[in-house]
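Student: Have a look at this one.
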Amino acid sequence: MKPFFGRKPLTIIIFGLAVLLLAILVAPMPAFHAPLSTVAEAADGSLLGARVAADGQWRFPPPDSLPDKYVTCLINYEDRWFRWHPGVNPVAVVRALIGNIRAGEIVSGGSTITMQVARMARGNPDRTYGGKIIEMLSALKLELFRSKRAILKMYATNAPFGGNTVGIEAAAWRYTGRGTADMTWAEAATLAVLPNAPALIYPGRNSEQLKQKRDRLLMSLVERGHIDSLTCELAMGEPLPGAPLPMPSLAPHLTGRLWLVDPGIRKRTSVDPFLQREVSELVNRHVSALEGNGIFNAAAVVVEVATGNAVAWVGNSTLPDTTGRHGRDVDMITAPRSTGSIMKPFLYAGLLSSGILLPNALVPDIPTRFQGFRPENADFSYSGAVPAGDALARSLNIPAVRMLQMYEEERFLVLLRSMGFTTFTKPASHYGLSLILGGGEATLWELADAYASMARVLTTNPGTQTGNSIPEIENPPVGGHSRNSQFANPDSAIANHQSQIANRKSQIATLHSQLANSPLSPASIWLTYEALRRVNRPETETGWQYFGGAPEVAWKTGTSFGFRDAWAIGTTPEYVVAVWAGNADGEGRPGLSGISSAAPLLFDIIRLLPAAESWFARPEEGMTLVEVCAASGYRAGPDCTEKREEWVPEAGLRSDVCPWHTIVSLDTSETFRVNSSCATPGEIMARSWFVLPPAMEYYYRMRNPSYRTLPPFRQGCSDDRKVSTMEFIYPPRDARIFIPRSLQGQLMSMLPEIAHRRRDATVYWHLDNQYIGMTRHIHQTEIRVGEGEHLITAVDNEGMTVSRKFYCIGTL
C-alpha cells in the first residue's frame with residue numbers, strides 16, 4: 001500500500017490547504033477592546049469637544065469613512081499592493097526574511113496593513129517568528145471576514161501617532177487643529193508615515209527625519225500618478241506640524257455630560273457651532289462684568305422651538321478660574337436651582353386653560369400673610385387689585401400667591417410634572433404656596449424645554465409638522481453618528497440616510513402625541529405669551545421698539561430668595577433662550593436679580609438669532625369672544641355698567657361673573673346713600689356701583705384716581721350694612737401663629753391690621769373682649785399674647801364691628 005503522501009500531488013495540495021484553512025480559522029480574529037475617547041460633534045459634524053479615554057489616550061471611536069488623501073498616502077507608504085493581496089504579501093515576506101537572515105536579526109517584518117492590524121490587536125508585542133506566523137494567519141482570517149475598507153478603518157483608528165495620540169482623527173486634531181475632511185496632501189503624507197516609528201519621530205521631535213519621510217512619500221505619489229508635480233512641490237513647501245495642540249473645547253460642559261452618561265462614544269449633537277461660539281463669548285463677557293459683584297457663574301441654552309433641540313449649550317463660563325473655587329466646571333444648565341418667579345407663566349396659563357380665571361380679571365394685591373409665610377412684591381408696594389395679565393407682566397408676587405390659592409398647590413404640581421419637570425418630587429404640603437415664588441427647584445434645561453413645548457403648540461400644525469423630539473436630560477440634544485459625507489461609503493450613506501428617515505418619522509410621531517396631550521390649551525398659551533410681550537425690557541434695552549429689526553420676544557425673569565439665582569427666559573416663534581446667572585456654590589449677592597443680571601445676556605443672545613417673520617398667530621380654535629366687565633375683567637354680570645368684548649379660552653365661559661358690582665340706593669342728587677329709614681321710595685334711585693372689598697379698595701384707589709368710592713350715607717340715615725366698611729388684613733381667619741422671643745428672651749408682639757373705607761375713621765381695638773386702644777388713619781395695633789385661642793375685635797366710630805379668631809400654638 002502506498003503511503004498517504006505518496007499519492008497524487010493534488011491530494012497533498014488539498015490536505016495542505018485544509019490544514020492552512022484550519023489554522024486560519026483557529027487563529028485569533030483581530031479585535032480592539034481599548035477604551036475610547038468621548039467625542040461630541042456639532043450638527044455639521046465639526047468637533048465640539050472630546051474627553052480622553054480611560055487609559056489616558058486620545059483614541060476616537062471609529063469614523064464612518066476615511067479621507068481619500070490619507071488612504072492614498074497610507075497605501076502607497078505602508079502597503080502598495082493592499083488592494084490585491086489576501087492579507088499577506090508573499091513577495092514582501094520573502095524579501096524581509098532574506099534581509100533578516102543577512103542582518104542576523106529581525107530588521108523587517110514584511111507586514112501588510114492587515115498584518116499590522118493583527119499585530120496592533122495583540123498589543124504590539126516584540127517581533128518574533130512565531131508572532132509573525134500568528135499575525136499572518138490572523139491577517140488572512142481578517143481578510144476573509146472583513147472588507148478592505150473595514151480593515152483600513154481598523155488600522156486608521158488604532159495606529160499610534162506619538163505620545164498619547166492614537167488614530168487618524170485624534171492625530172488630525174492634535175497635529176493640525178482640524179478634522180480629517182480638510183486635510184492637505186502634506187498633512188495626509190505626514191500622518192501616513194507617523195505610525196512607522198511614532199516613538200522616535202513625531203511632530204515636535206526629530207522633525208528633519210519626519211520631513212524626509214514625508215517628502216519621499218510625496219515624490220512617490222508623483223511617480224505613481226496620484227498627484228502632479230506642482231501639487232507635490234506645494235505640499236513639500238508646507239511646514240511640518242508643531243507640538244501637539246489641545247483638543248477643541250467649544251462645549252466643554254455638554255461634552256462632560258456625554259462623558260458621564262455614555263463614555264467612549266461619538267455623538268452628533270444638534271448644536272450650531274457658530275452660534276455656540278458666539279453665545280459662549282457672550283457668557284464669558286457677561287460673567288467678566290458680574291465678577292465685580294462677586295458673581296462668577298452664568299449659563300445659557302438656546303432651543304429651537306420646531307424640534308425641541310438645543311442649538312447652543314453653554315453650561316458655564318469658561319474664563320480662567322485662578323482660585324479653583326468658582327465652580328466653573330459645573331454644568332449649570334442641568335443643575336437644580338431655586339426658581340424664583342420664573343414659574344409664574346405656567347400658573348397663569350393653567351388658570352386660563354382651566355377656566356378659573358379670565359386673562360385680565362382683577363386679582364388682590366394687598367398685604368397678605370399665611371402661616372410662616374408673608375409674600376411681598378419686589379418693590380414692597382401694593383396695588384390693591386391688578387389684572388391677572390398685568391400681574392404676570394409686572395411679576396407681582398402677592399397676586400401670584402393669590403392665584404396659586406385659586407388653582408391649588410396640588411393641581412399646580414400635577415401640571416408642572418405633566419410638562420416634564422422632574423425636580424418637584426415632594427408632596428404639595430412640602431412646598432405650600434411658596435412654590436410659585438421659588439419654593440421648589442428646577443433646571444435651566446427643563447425650563448427651556450417647557451417654554452419651547454408651549455411655543456411649539458402655537459407654531460406646529462400637526463398635519464405638516466417636522467422636527468425631532470424633545471431631547472431628554474439623560475440624552476442631551478443629539479442626532480446621528482458623525483460622518484464625512486465627501487468620503488462616505490455610498491452603501492453606508494444610503495443605509496444611514498434610511499435610518500435617519502425612520503428615526504425622524506418616529507420622532508415626529510412622538511411629538512404629535514406630546515402635542516395632542518398638552519396639559520395647556522393653545523388659547524391659554526397664546527394669551528400667556530401676549531402678557532409676557534408686555535414685560536418692560538432692562539435698562540440696556542431702552543428704546544428697543546424704535547430700532548428697525550428689533551426682535552419681538554415674550555420674556556420672563558426670576559430671582560430666588562436670598563439673591564442666589566437670576567433667571568431670564570425669552571421666547572420667539574422660532575427659539576427659546578434661557579439664561580441663569582449666580583454662583584454655583586449658592587452664595588447670594590446683593591443686587592443679583594433676573595432683570596439686572598440675566599436679562600441683558602438674554603437680549604444679547606436674542607440679537608444673534610434670526611428674527612421671526614411673524615409673531616404667534618391667535619389660535620383659530622378654542623377661543624371665543626365674551627363680554628367682560630370693563631372694571632373687573634370678570635365675565636360681565638347683569639349689574640356691570642361698562643362692558644367690552646375680549647378673546648378668552650372657551651373654558652373661560654365657566655368662570656365667575658363680576659363679584660364687585662352691586663346695586664346701591666342713592667338720593668336724587670346721587671351724592672349720598674339713602675335707604676327706607678331716611679327717604680321715601682320716590683327719593684331713592686338704584687345705581688350699579690363698582691365696590692372692591694375694603695382692603696383692596698384702600699390700596700387700589702391710591703393708584704387709580706378714577707375709582708369712585710361709595711358716597712356716605714345722608715345725615716339721618718342708618719348704615720344698612722349691605723356693604724362692609726372694614727376688613728382684617730392680619731391675622732388670617734383661624735390662623736395658627738408662632739410667637740418668637742427676642743434676644744432678651746421676651747415674647748415679641750404681633751400686629752393685627754385692618755383696612756377701612758373711610759380715611760378719617762377711628763377704630764377701637766379689643767383683645768379677648770378687653771379694650772386695648774384706638775387707631776386713626778393707619779389701623780395697626782401692637783399686642784402680646786400667650787398660648788391658646790384669642791379673639792381680636794375692631795369697632796369703628798359708627799359701630800361697625802369685625803372680629804377675627806386666631807390661635808397662638810406656642811412660643812419660640
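Student: In a shell of Cβ-Cβ distance under 15 Å around TYR382, excluding TYR382 itself, what net charge do Lys and Arg (+1) and Asp and Glu (-1) give? Present the calculation step by step, with values, prior to reporting the outcome.
Tutor: Values: positive: ARG369, ARG374, ARG394, ARG402, ARG701, ARG703; negative: ASP365, GLU376, ASP379, ASP390, GLU697, GLU727, GLU753.
Local charge sum for TYR382: -1.
Student: Here is a follow-up. Treat each spin label as a single point 7 Å out from the Cα along the C-beta direction, and report the ALA181 to LEU751 distance in nm.
Tutor: So the label points at ALA181 and LEU751 sit 6.6 nm apart.
Student: Starting at the first residue of segment 714-724, write each ³J(HN,Hα) from the Karplus equation 6.51 cos²θ - 1.76 cosθ + 1.60 with θ = phi - 60°, in whole Hz, x for Gly and Pro.
Tutor: Those phi angles translate into 5, 4, x, 9, 8, 5, 7, 6, 6, 10, 5 Hz.
Student: What percent do you get for the relative contact order of segment 188-287 when only Cα pairs under 8 Å and 6+ apart count?
Tutor: Numbers: 44 pairs, mean separation 22.2, N = 100.
Answer for segment 188-287 is 22 percent.
Student: Amide H of ARG337 versus every other amide H placed in the peptide plane: which residues, excluding those fewer than 5 positions away on the same chain, fall under 5 Å?
Tutor: ALA442, THR443
Student: I would also like to ask the following. Considering amide H positions built from the backbone, and no H for Pro or chain starts, which residues 5 or more places from ALA385, or on another chain, come under 5 Å of its amide H?
Tutor: Those lying under 5 Å, H to H, from ALA385 are ASP365, TYR700.
Student: For segment 654-812, report the accessible area per residue in Å² (1.4 Å probe, heavy atoms, rounded to an integer). Don't jump to the answer; show the numbers that get you there.
Tutor: Working: 8730 Å² over 159 residues.
Heavy-atom SASA per residue in segment 654-812 reads 55 Å².
Student: Show TRP81, TRP526 ordered by accessible area, largest first, where the area counts protein heavy atoms only and the probe is 1.4 Å. Walk me through the numbers on the way to the answer.
Tutor: On the way: TRP81 135, TRP526 35 Å².
Descending order: TRP81, TRP526.
Student: Which chymotrypsin sites (Phe, Trp or Tyr not before Pro) in segment 150-197 pass both tests, a DSSP loop state and at most 11 other beta-carbon atoms within 10 Å?
Tutor: none
Student: Identify unpaired cysteines across the chain, taking unpaired to mean no other cysteine Cβ lies under 4.7 Å from the residue's Cβ.
Tutor: CYS73, CYS232, CYS808 - these cysteines have no disulfide-compatible partner (Cβ-Cβ under 4.7 Å) in the chain.
Student: Quick one: pull the percentage of alpha-carbon pairs in segment 389-436 with a separation above 15 Å. Write down the numbers at each step before the final one.
Tutor: Working: 517 of 1128 pairs.
Summing the P(r) of segment 389-436 above 15 Å gives 46 percent of all pairs.
Student: Per the 1.4 Å probe, what fraction of the accessible area of the chain, in percent, lies on carbon and sulfur atoms? Let's see the in-between values first.
Tutor: Values: 20140 of 37590 Å².
Answer for the chain is 54 percent, counting heavy atoms of protein chains only.
Student: May I ask for the angle, rounded to the nearest 10°, between helix 273-290 and the longest principal axis of the chain, with both axes built from Cα atoms and the value confined to 0 to 90°?
Tutor: Helix 273-290 sits roughly 50 degrees off the main axis of the chain.
Student: Something else about it: Over 20 Å between Cα atoms, which of LYS148/LYS213; LYS69/LYS213; LYS153/LYS267; LYS132/LYS211 qualify? Show your work: numbers first, answer last.
Tutor: Values: LYS148/LYS213 25 Å; LYS69/LYS213 17 Å; LYS153/LYS267 18 Å; LYS132/LYS211 30 Å.
Exceeds cut-off: LYS148/LYS213; LYS132/LYS211.
Student: Any idea what angle helix 409-418 forms with the longest principal axis of the chain, computed on alpha-carbon atoms, 0 to 90 degrees, nearest 10?
Tutor: 20
Student: Within segment 637-677, which residues have the backbone N less than 14 Å from the label spot 7 Å out from SER706 along Cα→beta-carbon, could you tell me?
Tutor: Label zone hits: 641-644.
Student: Using a basic spin-label model with each label point 7 Å from the Cα along Cα→Cβ, how many nm lie between SER677 and SER288?
Tutor: 7.6
Student: Report the relative contact order of the chain, percent, no decimals, based on alpha-carbon pairs under 8 angstrom and at least 6 residues apart.
Tutor: Working: 1548 pairs, mean separation 88.1, N = 812.
Normalised by residue count, the contact order of the chain is 11 percent.
Student: For segment 669-769, what is the convex hull volume of its Cα atoms per residue in Å³?
Tutor: Details: hull volume 16.9 nm³, N = 101.
Spelled out: Cα convex hull of segment 669-769, divided by residues, is 167 Å³.
Student: So how tilted is helix 397-407 from the main axis of the chain? Cα-based, degrees 0 to 90, rounded to 10.
Tutor: That works out to roughly 90 degrees.
Student: Next question, about the same structure. Taking N as the number of residues in segment 712-812, what value does Rg over Cα atoms divided by 2.2 N^0.38 Å take? Could the numbers behind the result be given before it?
Tutor: Details: Rg = 15.3 Å, N = 101, 2.2 N^0.38 = 12.7 Å.
Cα-based Rg divided by the globular estimate yields 1.21.
Student: Let me ask you something else. Apply the Karplus parameterisation 6.51 cos²θ - 1.76 cosθ + 1.60, with θ equal to phi minus 60°, to every residue of segment 27-36 and state each ³J(HN,Hα) to the nearest whole Hz, in sequence, with x for glycine and proline.
Tutor: Coupling constants for segment 27-36: 5, x, 7, x, 8, 10, 10, 5, x, 10 Hz.
Student: Got a number for the accessible area of ILE737? Probe 1.4 Å, square angstrom, nearest 10.
Tutor: 20
Student: Short version: what are the Cα gyration tensor semi-axes of the chain, square root of 5 times each eigenvalue, largest first, in whole Å?
Tutor: Numbers: eigenvalues 1239, 140, 110 Å².
Equivalent-ellipsoid dimensions as semi-axes: 79, 26, 23 Å.
Student: So between SER147 and ASP656, what do we pick up on full extension, going 0.36 nm a residue minus the alpha carbon distance? Please report the intermediate quantities before stating the final value.
Tutor: Numbers: separation 509, 0.36 × 509 = 183.24 nm, distance 7.46 nm.
Value of the extension gain: 175.8 nm.
Student: In square angstrom, rounded to the nearest 10, how much accessible surface does LYS148 have for a 1.4 Å probe?
Tutor: Its accessible surface works out to 50 Å², give or take rounding.
Student: Residue by residue through segment 698-708, which ³J(HN,Hα) values in whole Hz follow from phi under the Karplus form 6.51 cos²θ - 1.76 cosθ + 1.60 (θ = phi - 60°), with glycine and proline marked x?
Tutor: Karplus values, whole Hz, x for Gly and Pro: 4, 8, 5, 5, 5, 9, 10, x, 6, 5, 9.
Student: Another question, then. Subtract the Cα-Cα distance of PHE274 and PHE380 from 0.36 nm times their separation in residues, and report this length gain in nm to one decimal. Working shown, then result.
Tutor: Details: separation 106, 0.36 × 106 = 38.16 nm, distance 4.35 nm.
This chain segment gains 33.8 nm when fully extended.
Student: Taking K and R as +1 and D and E as -1, what net charge do the other residues with C-beta under 15 Å from the C-beta of PRO28 add up to?
Tutor: Working: positive: ARG119, ARG122, LYS132, LYS141, ARG146; negative: GLU135, GLU143.
Every neighbour counted, the sum reads +3.
Student: If I take the Cα coordinates of segment 328-433 and project them onto the principal axes, what are the three extents in Å, biggest first?
Tutor: 45, 31, 27
Student: Let me ask something else about it. Tell me, what are the semi-axes, in whole angstrom and largest first, of the equivalent ellipsoid of segment 145-269 as set by the roots of 5 times the Cα gyration tensor eigenvalues?
Tutor: Working: eigenvalues 163, 61, 41 Å².
Three semi-axes, in Å: 29, 17, 14.
Student: How would MET774, MET800 rank on accessible area, largest to smallest, probe 1.4 Å?
Tutor: Numbers: MET774 95, MET800 25 Å².
Heavy-atom accessible area, descending, gives MET774, MET800.
Student: How about LYS141: which aspartates and glutamates have a C-alpha closer than 19 Å to its C-alpha, ignoring those fewer than 8 places off in the same chain?
Tutor: ASP79
Student: Can I ask one more? Can you tell me what the convex hull of the Cα atoms of segment 695-734 projects to on average, as an area in nm²?
Tutor: Working: hull surface 16.7 nm².
That works out to 4.2 nm², a quarter of the Cα hull's surface.
Student: Quick check: net charge around GLU187, other residues with Cβ under 15 Å of its Cβ, Lys/Arg +1 and Asp/Glu -1?
Tutor: On the way: positive: LYS69, ARG174, ARG178, LYS211, LYS213, ARG214; negative: ASP68, GLU169, ASP182, ASP215, GLU238.
Result for the neighbourhood of GLU187: +1.
Student: May I pose another question? Relative contact order (percent) for segment 588-705, with alpha-carbon contacts under 8 angstrom and 6 or more residues of separation? Write out the running numbers ahead of the final one.
Tutor: Details: 119 pairs, mean separation 19.8, N = 118.
That works out to 17 percent.
The values are calculated or read from the model by the stated rules, or taken from the named source; none is laboratory data. Worth saying up front: this structure is predicted, and the values here are computed from it rather than measured. Glycine gets a Cβ as well: all are built from the backbone with ideal geometry, and neighbour counts include every protein chain shown. Ligands, DNA and RNA are stripped out before the accessible areas are found, and what is left, the full protein with its side chains, is counted by its heavy atoms. Shrake-Rupley method; radii C 1.70, N 1.55, O 1.52, S 1.80 Å.
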